[in-house]
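Quick notes on the structure that follows.
The values are calculated or read from the model by the stated rules, or taken from the named source; none is laboratory data. Worth saying up front: this structure is predicted, and the values here are computed from it rather than measured. Glycine gets a Cβ as well: all are built from the backbone with ideal geometry, and neighbour counts include every protein chain shown. Quick note on the areas: whole protein, heavy atoms, side chains included, nothing else; ligands and nucleic acids left out. Shrake-Rupley method; radii C 1.70, N 1.55, O 1.52, S 1.80 Å.
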Amino acid sequence: MSTVNEQSPLVEEPASGNGKAEGHAAPRRRMTAEMMAAQQRDISVSEFFAKNRHLLGFDNPRKALLTTVKEAVDNSLDACEEAGIVPEIWVHIESTGNNRFKVGIQDNGPGIMKKTIPLIFGKLLYGSKFHRLRMSRGQQGIGISAAGMYGMLTTGKPVKIISRISPRRPSHYYEIQIDTQKNRPEILNGRGEGEDIPAGEKGHAYILEHGIEWVSHYDAAEGEKPAEVQHGTRVTIELEGRYQRGRGSVDDYLEQTAIANPHVTLHYLDPEGNRKTYPRSTQKLPPEPKEIKPHPYGIELGRLVTMLKETKATTLSQFLTGSFSRVSSSVARKICEEAKLSPRASSSRIGRREADSLFEAIQRTRISPPSTDCISSIGEELLLKGISHVVPGEFYVAATRPPAVYRGNPFLIEVALAYGGGNPVQKVTRDTLAEMLGETDARTLRQFIMTSFEGLGSDAAERILKASAMGTRQSPSKLDEAEIAKLHEAMRNVNLESGQTMQVLRYANRVPLQFSQAACAITQAVMNTNWRPYGLSQSRGGLPSGPVTVMVHMASVWVPFTSESKEAIAGYPEILKELRLALQAVGRKLGMYLNRRKRVAQEGERRNIFLRYLREVATAVSDLNGADRDGLYDKLLHVAKRKTAEADMRFDQRGRAIESPNDFGDHVLIVQSESEPEEPAA
Amino acid sequence: MAKKSPKKSSTTAPAALSKQDVKTLNSLRGLADEVVRSAERGRTPSLDIPSRSLSNVRYNKSKRFIEMGSGTNRRELFNLSQAKSYMQTLLVGSGCKQLLEQGKTTSIRGLYYLLKHTIEGSREETFDDQADCDPIIEDVEVSLDALREELHVYASNRGSMVGNILLNDSGDEIDCTRMGSGGYSIPSIVEPEIIKFAKCDAKFVLHVEKDTVWRRFNEDKFWQQYNCILTHGSGQPPRGVRRLLNRLHNELGLPVYCLLDNDPWGYYIYSVIKQGSINLAYESRRMAIPNARYIGLRSKDFTACGLSPSVTIRLNEQDVRRAKQIKTYPWFVNKKPWQQEIDLMLKNGFKLEVEALISKDISYVTEQYVPERLEEQDFLD
C-alpha cells in the first residue's frame, strides 16, 4: 500500500458562468477529458505528507523539533518494551546554526535487522503496529520516516541510522534519503549497501574515525568500569527547527515522559549543552500487553466487508469465532440466526446485503465485553513514583480504574495527583529566565509568563508583573539586566497558590499529549468535575485553581484521537465516565488531605497564639510578685502544650482521637515539610 | 535568653507608699499569685472579671441607683479568644504597679503608651490602640475592686466649674469665684485626698450639658446672682465631674439641677448623673446622685416659650429608638411625668437644644428660663 489514488471529479460540463446570458454560443472548452487524464496520476504518500506536513505535527519549526524527538523516543520505547529490555534513551540536540538542529536519539533496544532498517526509516506507512490491536505508543508507522523526510526537505541532510543487534555481530550504519515520489528509501553510503561496523574494539575505533555518533557505554558510578551498550539503535536527523523552553517544548515532553514511564532512564543534552538525566525509579518493565482480536461491537461495516474478503475461514461461523474476540460458536450461531444467514454459509460468498444484515445482527446480539488483560496500566505505585520524582509537592495520590470498554475497545484510565510544591515559575534561574525572554515570540510580558509556564493564569501573571512594577504590555525582549532581576525576584516571591490553575498532564498509552488541550476529553472531564468539595476553588466550567498537578493516563489498544497528529482524545461517553470516576477518586483523597492540613494549621495557630502571649504573661507576673520569670514560663508552656493537645482531640467531630496519618488508604504519598510550627526557644 | 529592653527603671527610688497604695499593691500581687498557683497545679490561669454589661446591672429601688450584679466573666489564658485580653490584663496590672511604686500618676493614654510594645517573636503589638487598652483598665478596676485613682491612672480633664466655693486642690487654694471666663478645669481624680472643700457659700449646683451654655451663664454671672456653683461636663460628664457633683451634693448638701438638651441623649445624661451608668455600675455608690433634678429643656417648652419651628431638629430613627428604650428603663418606667415628657417629644417629632432658647434673646436662658423654673420649682425628678 504505497500510493493513494486521487479521485478528482472529471469536469464534463462547462465549468464557467451561466449559459443563459451567453445565448446559444457554445462555451469554449478549456480542457478535454483526454488532456485531464494526462495530468491524472498516482500521488505517493510521501508527496502527500510532504505537502501536508501539518497533519503529522510539523506545522512550525518549534513543533517540528518536538515531533521529531517524540516520534523517535516513542519508537525506541515501544521497541525496548516489546523486546523486554529496560529502556535507556539518549536524546542529544545540537544546534548547527542557521536555525538547524541535529537531533540524535539512541536506545538500548533490540536493534533492527539490516534488511529492514532502510524501510523503517525511509518509507512512510511501513511498520508492525498498524495491523494489530495491541497497546503501543505508535500506531501508523508514519512518524519517524516523516521526521526524516522533514529533515531532508528543510536541510537536505540524510537520516543517519546505526543499529546494533549483538555485541558479537557487526553493527549497521546507514545514511538514507527518502525518494518522495516513489516513497522508497535511497541509501547513500557504502555504494547503496550501507556500512558494516565490526564488533568489539575495532568497531569503536571505526566509529571514532568516521565521526559516527554513538554512545558506546552506559554511565557508571565513579571508579567502576562503564558497561558497554551491547545493542540498540540510534537515529540522527538534521532539521530546521526552533528550540524554545516552556510549555510544549522538548524539555517538557521528556519530563512528562519520565513521569509516565518510571522504568525509563532518559539522558538529555539540550542545544545549550546542559545535560539532564531522569533516572528510572524501577527496574520492572510494565507487563507485556497482549494482542487481541477486535471485538464485534467495535467494528464498522466497511471493515467487516474487508475482513470477510480477506478471511481464510470457510464458513461464516468459523469466520466469526476466528476473527473476533468473545465470539464463541454459540454466539456465532445466535448472530447468524439474527441475520437470517446460515452459520455454514461460505464466508467468501457473503455479499454486500448479507454483510449489512450481519452487521445489524451483531449490534443486536448480546456479546460479553472484550477481555481487558490486553491493557497494561502503569499502576498506582509507579504513578506515584513517577510523579513524585518529577513534580515537587507535598501530597501525592494515584488511582487506577478497572478496565472498561468503548466501542468494543478495552481501555483503562489512571490518574495521579500532586499537590503543593512550587510552580515552575519559582524554580527558574535568572540566567534561564534571561534566555527564555530572549527566545520567546510572545509580544507582551503577560503573554510570555502565561505561555512559558504551566499552570499560570492571567491573574497570576498580572500579580507577578505588579510585584515587579512592570507593565503587562511591555515587550519581553527589551528588558535590561535590572528589569530581568526585578522580574525574577517577583516570580520567586509572589504567592501564587491562589492564582495558579491546575496543571493537567495528559497521556495516551504513556505518551504525553502536549497540544490541543481544550479539545481533549481529559481536559473536559477535569473541568466538568466539581473540585470544590475537595478543597480547591474552581470557577464554573473552568480548571480548578491551586498548586495542583494532575496526570491522566488513558491506556487502550486503540486510543481514539480526534486527529492524525495525536494531540487530543475524543470524548466517548464511556471514556468521560471513567475519567470522571478516576478524578473523583483522587479528589476525595486530596480533600481529606487538605482538610487535615487546614486543621493542623489551625492547631498550630492556636498553639502559636498561646505561646506568643506566654512570655508577656510571665514577665508581667514576675514584675508583679517577683516570681521567677523563666520558671513560670516553662510551667505555663507545659500547661499550654497539654491544653492544646486536648483541644485538638476534641476537634474531631466524631469523637475519635486524631486519626493516624495512614488512613488515606493505599497509594498516597505525603512529603513532610521541614518547617514545623516554630517554638520560641526557652 | 537575653531580654533586650531594660524595662524596669530600678534607678528610681521607691516613693513613700500611702496605706491605700499598699492595699492596692497587695491586690495586684494577688492577681499574679493566682497565675503562679495555676501554673504550678497545671491548670489554666484564669480571672473572674465582674461583668460590665446591661445583663449584670440592676436598679436598686431603695438606693435609687444602678448596681452591679454578681455576674462575672471568666477570662482564661488558654482560650483562643481570651488569651490576648488575659495577657493585656496582667500587663495593665504590672503597669499600675510601676506607677504605684514610683508614686506617679498617668493618664489612661499614658498607660497605654507605657504598656504598648511589640510582642517578642512576632509582629503583634500588645495593644493596637487606646480603645484596646481602656476597657482592660476598667476590667482591672472592677476585678481588684480598686478605683481608677487608686491605680494611679486618670482620664483627661473634661468639664469646668465656677461658683461660690473655695477648694484645696493638691495643696493649692482655688477660689472658684475668680476663675475668669474659662472656669476651674475639673480634674479626673477629685477624691478627698486631692480636693478638699475649704469653704462654700453656694446654695445649689447648676449642671449644664456643654461648654457653650456654661459660658453664657458664666458671662452673665448667673452664679453670682443666684449664689450657686456652675458646672458642665462636655456632653456625657466624665467620672471626675460626676464624682465632684456627688461630693458637692453629699458632703455639702447642695441640690443638683441639670440643664440638658431636650433629646434622648440629654435624657440619658440625666439618667447617668442620677442613677449611674451601666459601664461604671460598680462606681454608682460614689457617683450617682439620686436626688438630682431635671430643669429642662422640656418638650413642652416649644409652645411654653413660643419658640420658632426653625430652631427644632427632627428626630431621626435612632433618636426614636433610643427614646423608646429610655422610656422602659426601670427608673423611668414608674415616673408618670417622665413618661409624658418622652411621649410628648415623640409626638412633637423634634428635639430642642438648650441653645435654641437664644433665638428668643441671647440671655433668655439665664435671665428668664432658669430663674423661672427655679422659682416655680418646675422640675422633673
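Going through A:Ile178, A:Ile212 one at a time, which residue ends up being crowded, with 20+ Cβ neighbours inside 10 Å and either over 16 Å from A:Gly111 (Cα atoms) or without any contact (Cβ under 8 Å) to a residue 60 or more places away in the chain (or both)? Result: A:Ile178 is the single residue among A:Ile178, A:Ile212 that is crowded, with 20+ Cβ neighbours inside 10 Å and either over 16 Å from A:Gly111 (Cα atoms) or without any contact (Cβ under 8 Å) to a residue 60 or more places away in the chain (or both).
All told, B:Ser5 falls short of being in a loop (DSSP other than H, G, I, E, B), open to solvent by 80 Å² or more (accessible area, probe 1.4 Å), more than 8 Å from chain A (Cβ to nearest Cβ) and modelled with pLDDT under 85.
Scanning the stretch A:451-474 for residues that are in a helix (DSSP H, G or I) and either among the polar types (S, T, N, Q) or closer than 19 Å to A:Asn60 by Cβ (or both) yields A:Thr451, A:Ser452, A:Ser458.
When we screen A:Ala399, A:Ala355, A:Ala361 for residues that are in a strand (DSSP E or B), open to solvent by less than 30 Å² (accessible area, probe 1.4 Å) and out of contact with any Lys or Arg (no Cβ under 6 Å at 6 or more places or on another chain), the only hit is A:Ala399. Looking across the stretch A:261-300, just one residue is part of a helix (DSSP H, G or I) and modelled with pLDDT of 85 or more, and that is A:Pro296. The set of residues in the stretch B:64-88 that are more than 9 Å from every other protein chain (Cβ to nearest Cβ) and under 24 Å from the mean Cα position of the chain (by Cα) comprises B:Arg64, B:Phe65, B:Ile66, B:Glu67, B:Met68, B:Gly69, B:Ser70, B:Gly71, B:Thr72, B:Asn73, B:Ser85. Quick check: is even one residue across the stretch B:43-62 crowded, with 17+ Cβ neighbours inside 10 Å, within 14 Å of chain A (Cβ to nearest Cβ) and not hydroxyl-bearing (Ser, Thr, Tyr)? Yes, the stretch B:43-62 contains at least one residue that is crowded, with 17+ Cβ neighbours inside 10 Å, within 14 Å of chain A (Cβ to nearest Cβ) and not hydroxyl-bearing (Ser, Thr, Tyr). Given the criterion among the acidic types (Asp, Glu) and either at the interface with another protein chain (Cβ under 9 Å from one of its Cβ atoms) or within 30 Å of A:Asp59 (Cβ to Cβ) (or both), identify the matching residue among A:Glu574, A:Glu567. Within the list A:Glu574, A:Glu567, the selection yields A:Glu567. Per the listing B:Ala304, B:Ala292, the residue uniquely modelled with pLDDT of 90 or more and either open to solvent by less than 50 Å² (accessible area, probe 1.4 Å) or of a type outside the set (Ser, Thr, Tyr) (or both) is B:Ala292. Here B:Ile174 meets the list (1) part of a strand (DSSP E or B); (2) surrounded by fewer than 16 Cβ atoms within 10 Å (Cβ to Cβ) almost entirely, failing just condition (2). If you go through the stretch B:336-346 and keep only what is in contact (Cβ under 8 Å) with a residue 24 or more places away in the chain and either open to solvent by 90 Å² or more (accessible area, probe 1.4 Å) or in contact with a strand residue (DSSP E or B) (Cβ under 8 Å, 6 or more places away or on another chain) (or both), you end up with B:Pro337, B:Trp338, B:Glu341, B:Met345.
Only one of the numbered conditions (1) of a type in the set (D, E, K, R); (2) under 31 Å from the mean Cα position of the chain (by Cα); (3) closer than 18 Å to A:Gly104 by Cβ; (4) open to solvent by 30 Å² or more (accessible area, probe 1.4 Å) is violated by A:Glu195, and that is (2). The numbered conditions (1) within 14 Å of chain A (Cβ to nearest Cβ); (2) open to solvent by 30 Å² or more (accessible area, probe 1.4 Å); (3) under 27 Å from the mean Cα position of the chain (by Cα) are all true for B:Leu111 except (2).
Could you look through the stretch B:347-376, keep only residues that are of a type in the set (A, V, I, L, M) and over 27 Å from the mean Cα position of the chain (by Cα), and pick out the one that is most open to solvent (accessible area, probe 1.4 Å)? If you could, list the steps in order and put the result at the bottom.
We begin by selecting, within the stretch B:347-376, every residue of a type in the set (A, V, I, L, M); these are B:352, B:354, B:356-358, B:362, B:365, B:370, B:374.
Subset that is over 27 Å from the mean Cα position of the chain (by Cα): B:357-358, B:362.
Numbers: B:Leu357: 2, B:Ile358: 78, B:Ile362: 104 Å².
It comes out as B:Ile362.
The set of residues in the stretch B:255-283 that are more than 17 Å from B:Leu315 (Cβ to Cβ), open to solvent by less than 10 Å² (accessible area, probe 1.4 Å) and more than 11 Å from the chain's Cα centre (by Cα) comprises B:Val256, B:Cys258, B:Leu259, B:Tyr270, B:Ser271, B:Lys274, B:Gln275. Surrounded by 17 or more Cβ atoms within 10 Å (Cβ to Cβ), within 11 Å of chain A (Cβ to nearest Cβ) and assigned to a helix (DSSP H, G or I), is that true of B:Glu150? Here the answer is no, as B:Glu150 does not meet what is asked. Taken together, B:Glu125, B:Glu101, B:Glu120 contain a single residue that is under 28 Å from A:Gly626 (Cα atoms), within 14 Å of another protein chain (Cβ to nearest Cβ), among the acidic types (Asp, Glu) and loosely packed, with under 15 Cβ neighbours inside 10 Å, which is B:Glu125.
With respect to being surrounded by fewer than 21 Cβ atoms within 10 Å (Cβ to Cβ), free of Cβ contacts under 8 Å to residues at least 40 places away in the same chain and not charged (D, E, K, R), A:Gly393 falls outside the description. Residues considered: A:Ala585, A:Ala601. Of these, the only one that is surrounded by fewer than 22 Cβ atoms within 10 Å (Cβ to Cβ), of a type outside the set (D, E, K, R) and more than 30 Å from B:Arg75 (Cβ to Cβ) is A:Ala585. Which condition from (1) surrounded by 15 or more Cβ atoms within 10 Å (Cβ to Cβ); (2) outside the structural domain of A:Leu188 (by TED's automatic domain parsing) is the one that A:Ile89 breaks? Tallying (1) surrounded by 15 or more Cβ atoms within 10 Å (Cβ to Cβ); (2) outside the structural domain of A:Leu188 (by TED's automatic domain parsing), A:Ile89 fails exactly one: (2).
Applying a threshold of 9 Å to beta carbon distances and a minimum spacing of six or more residues, or different chains, the list of pairs starting in the stretch A:566-588 at a residue that is assigned by TED's automatic domain parsing to the domain that holds A:Arg407 and ending at one that is modelled with pLDDT of 90 or more and among the acidic types (Asp, Glu) reads A:Ala582/A:Glu414.
Filter the stretch A:199-247 down to the residues that are over 32 Å from the mean Cα position of the chain (by Cα) and outside any helix (DSSP H, G or I) and list them by number. Give the derivation first.
Residues of the stretch A:199-247 that are over 32 Å from the mean Cα position of the chain (by Cα), as a first pass: A:199-211, A:222-225.
Listed by number, the residues that qualify are A:Ala199, A:His210, A:Gly211, A:Glu222, A:Gly223, A:Glu224, A:Lys225.
So which residues in the stretch A:227-251 are among the aliphatic types (A, V, I, L, M) and open to solvent by 40 Å² or more (accessible area, probe 1.4 Å)? A:Ala227 - this is the single residue of the stretch A:227-251 that is among the aliphatic types (A, V, I, L, M) and open to solvent by 40 Å² or more (accessible area, probe 1.4 Å).
Yes/no matrix, rows are residues, columns are (1) assigned to a helix (DSSP H, G or I); (2) open to solvent by less than 20 Å² (accessible area, probe 1.4 Å):
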site: B:Asp132; (1), (2): yes, no
site: B:Asn157; (1), (2): no, no
site: B:Val162; (1), (2): no, yes
site: B:Gly180; (1), (2): no, no
site: B:Glu193; (1), (2): no, no
site: B:Lys196; (1), (2): no, no
site: B:Ala202; (1), (2): no, yes
site: B:Arg215; (1), (2): yes, no
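Beta carbons closer than 8 Å, at least 6 apart along the sequence or on distinct chains, pair a first residue in the stretch A:614-625 that is over 12 Å from B:Val36 (Cβ atoms) and more than 7 Å from chain B (Cβ to nearest Cβ) with a second that is of a type in the set (Phe, Trp, Tyr) and part of a helix (DSSP H, G or I) for A:Leu614/A:Tyr633. A count restricted to the stretch A:518-563 and to residues that are open to solvent by less than 40 Å² (accessible area, probe 1.4 Å) and either touching a helix residue (DSSP H, G or I) at 6+ places or on another chain (Cβ under 8 Å) or not in a loop (DSSP other than H, G, I, E, B) (or both) stands at 23.
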